[in-house]
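Trainee: Below is the structure I would like to discuss, written out as structure tokens.
Only the coordinates and a few stated rules stand behind these numbers; no lab work does. Note that the structure is a prediction, hence the values are computed from the model and not measured. Backbone-built Cβ (ideal geometry, glycine too); neighbour counts: all protein chains shown.
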Amino acid sequence: MLYGCLDWGSGHVARSIPLMQQLLGQGNKLVVRCTKEQQHVFETYAIQAEFIPATAFTFRFKGDGNFTREMLRNARQFRNAVKIERVETEDLVSKHGIDIIVSDHRYGLVSETVPSVFVTHQVQLPPGSGFFAQWIHRKWMNRFSVYWIMDEEQHPLAGKLSLLRQKEKKEAHYIGHYSRFNAAESSEQKESVVGVVSGPEPYAKHLFEMLLARSLTDQRSWTIISPEYETAIVPPHVRLIHGDWKAADEAIRNATLIISRNGYSTLMDLKALNKPAELIPTPGQLEQLYLREINDNPLWSYPQ
């Protein structure tokens with residue numbers, strides 16, 4: 001089985017961990033196409049697989065808060081990368097004797113010769129994405145033979161995004177929510193705030209700077225999980241975690257409050273942990289803005 005996931009941020013990697021563990025537990029042998037950074041994370045969670053290097057998609061954002069315009073700037077490069085990966089995937093299928101492909105929203109990881117599964121919570125893009133983006137998304141999805149929708153059909157966390165259209169001809173299955181956490185593992189330390197920085201740059205750094213500034217006037221114990229940035233002042237009650245997923249997991253389990261973006265994988269983790277959170281949508285990111293509108297979990301707040 002050939003597996004791969006989108007490398008835009010950490011959300012697809014995070015939700016791939018429990019899915020890959022399930023596939024391995026069912027007796028599948030995995031060949032994983034991924035970046036070096038993704039491989040390091042998977043190996044941290046003891047994912048037993050043959051790893052094949054993949055080139056990261058390089059998105060460049062100005063941070064102006066208009067995500068539709070930001071994505072259009074990257075559209076040509078992204079389309080070319082998908083085209084190249086489709087060719088490379090057919091070569092991998094032949095060389096490694098692949099009998100099935102499972103792709104978490106990696107459009108180019110698809111074959112015309114073996115069954116190809118598209119894992120997604122976005123059967124449809126969020127409102128406001130525009131006709132062209134929806135058309136491209138649907139066109140690329142339709143190259144796959146099966147959809148695994150990472151949501152619950154009766155109680156959807158993704159709202160209309162995971163709604164399967166009546167005229168959809170593809171084989172599709174709702175596979176539920178996936179998180180490496182569960183409520184039984186959750187614990188709390190007194191007044192422990194955990195900030196989780198994720199998403200594309202420079203939006204991630206903006207969030208980090210906001211969290212660090214807030215921690216300066218808050219004497220609770222803080223942990224900020226983020227990429228490594230240069231910082232002038234880190235108060236003694238603030239701990240920074242860079243790249244250590246296991247330490248980050250422990251901090252998240254012990255948190256009394258989590259502050260983060262509201263990406264879909266984050267929502268699945270929060271649902272599993274049943275913890276209170278302050279959620280801050282990435283400016284202009286239509287999916288996160290939509291998820292804010294439809295999710296009214298009493299444990300989650302969206303500060304203005």
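Trainee: With θ set to phi - 60° and the Karplus curve 6.51 cos²θ - 1.76 cosθ + 1.60, what are the ³J(HN,Hα) couplings of region 281-290 in order, to the nearest whole Hz, using x for Gly and Pro?
Mentor: With coefficients 6.51, -1.76 and 1.60, one gets x, 4, x, x, 7, 4, 5, 5, 5, 5 Hz.
Trainee: Dipole magnitude of region 183-301 about its Cα centre, charges +1 at Lys/Arg Cβ and -1 at Asp/Glu Cβ only, in debye to the nearest 20?
Mentor: Once rounded to the nearest 20, the dipole reads 180 debye.
Trainee: Within region 223-304, report the chymotrypsin sites (Phe, Trp or Tyr not before Pro) that DSSP leaves as loop and that have at most 16 other Cβ atoms within 10 Å.
Mentor: Counting only loop positions with at most 16 other Cβ atoms within 10 Å, the chymotrypsin sites (Phe, Trp or Tyr not before Pro) in region 223-304 are Y229.
Trainee: What are the residues whose amide H is under 5 Å from the amide H of V123, where those residues sit 5 or more places off or on another chain and H is modelled from the backbone?
Mentor: Counting only residues 5 or more places away or on other chains, the set is S162, L163.
Trainee: Taking the Cα centre of region 83-224 as origin and charging only Cβ (+1 Lys, Arg; -1 Asp, Glu), how large is the dipole, in debye to the nearest 20?
Mentor: Numbers: 17 positive and 18 negative charges, 104 e Å.
So the dipole magnitude of region 83-224 works out to roughly 500 debye.
Trainee: Okay, moving on. Using Cα atoms only, what is the angle between the long axis of helix 67-96 and the major principal axis of the chain, expressed in degrees (0 to 90) to the nearest 10?
Mentor: 50 degrees
Trainee: Under unit Cβ charges (Lys, Arg +1; Asp, Glu -1), what dipole magnitude, rounded to 20 debye, does the chain have relative to its Cα centre?
Mentor: 820 debye
Trainee: Each residue of region 269-275 in turn: what ³J(HN,Hα) in whole Hz from Karplus with 6.51, -1.76, 1.60 and θ = phi - 60°, glycine and Pro shown as x?
Mentor: 3J(HN,Hα) across region 269-275, in whole Hz: 5, 5, 5, 5, 7, 6, 10.
Trainee: Can you classify region 2-174 as rounded, prolate or oblate using the Cα gyration tensor, where a ≥ b ≥ c are the square roots of its eigenvalues, rounded means a/c under 1.5, and otherwise it's prolate if a/b beats b/c and oblate if not?
Mentor: Values: a/c = 1.45, a/b = 1.23, b/c = 1.18.
Here region 2-174 falls in the rounded category.
Trainee: Let me ask something additional. Let a ≥ b ≥ c be the square roots of the eigenvalues of the Cα gyration tensor of region 183-301; is it rounded (a/c under 1.5), or, if not, prolate (a/b larger than b/c) or oblate? Before the final figure, lay out each step's value.
Mentor: On the way: a/c = 1.65, a/b = 1.14, b/c = 1.45.
Here region 183-301 falls in the oblate category.
Trainee: Using just the helices of the chain, give the 222 nm mean residue ellipticity in deg cm²/dmol: DSSP H runs with n ≥ 4 each add -39,500 (n - 2.57), and the total is spread over all residues, rounded to 500.
Mentor: -11500 deg cm²/dmol
Trainee: Write out the GluC sites (Glu not before Pro) in region 214-304 meeting two conditions: DSSP loop, and at most 13 other Cβ atoms within 10 Å of their Cβ.
Mentor: Here the GluC sites (Glu not before Pro) that fit, given the DSSP loop and packing criteria, are E228, E230.
Trainee: Pick from A133, A277, A255: which residue has the top mean-square fluctuation in a GNM of the chain where Cα pairs under 10 Å get a spring?
Mentor: Comparing A133, A277, A255 in a Gaussian network model of the chain, the most mobile one is A133.
Trainee: Which is farthest toward the positive dipole end of the chain among Y45, H121, A14, measuring Cα position about the Cα centre, with Cβ charges +1 (Lys, Arg) and -1 (Asp, Glu)?
Mentor: Among Y45, H121, A14, the one farthest towards the positive end of the dipole of the chain is H121.
Trainee: Select from R106, R86, R261 the residue whose mean-square fluctuation is largest in a Gaussian network model of the chain (Cα-Cα springs shorter than 10 Å).
Mentor: R86
Trainee: Under a 5 Å amide H to amide H cut-off, with H placed in plane at 1.01 Å, what residues pair with D151 once short-range neighbours are removed?
Mentor: I175, G176
Trainee: Quick one: among D151, D104, D244, which has the greatest mean-square fluctuation in a GNM of the chain with alpha-carbon springs under 10 angstrom?
Mentor: Per the Cα network of the chain with a 10 Å cutoff, D244 tops the list.
Trainee: Still on this structure: Considering amide H positions built from the backbone, and no H for Pro or chain starts, which residues 5 or more places from L240, or on another chain, come under 5 Å of its amide H?
Mentor: I224
Trainee: Next up: For helix 245-254, report the angle its Cα long axis makes with the longest principal axis of the Cα atoms of the chain; keep it between 0 and 90° and round to the nearest 10°.
Mentor: The two axes meet at around 50 degrees.
Trainee: What list of ³J(HN,Hα) values in whole Hz, one per residue of region 149-162 in order, does the Karplus curve 6.51 cos²θ - 1.76 cosθ + 1.60 (θ = phi - 60°) give from phi, with Gly and Pro shown as x?
Mentor: Result, rounded to whole Hz: 9, 7, 6, 9, 5, 7, 10, x, 7, 8, x, 5, 4, 9.
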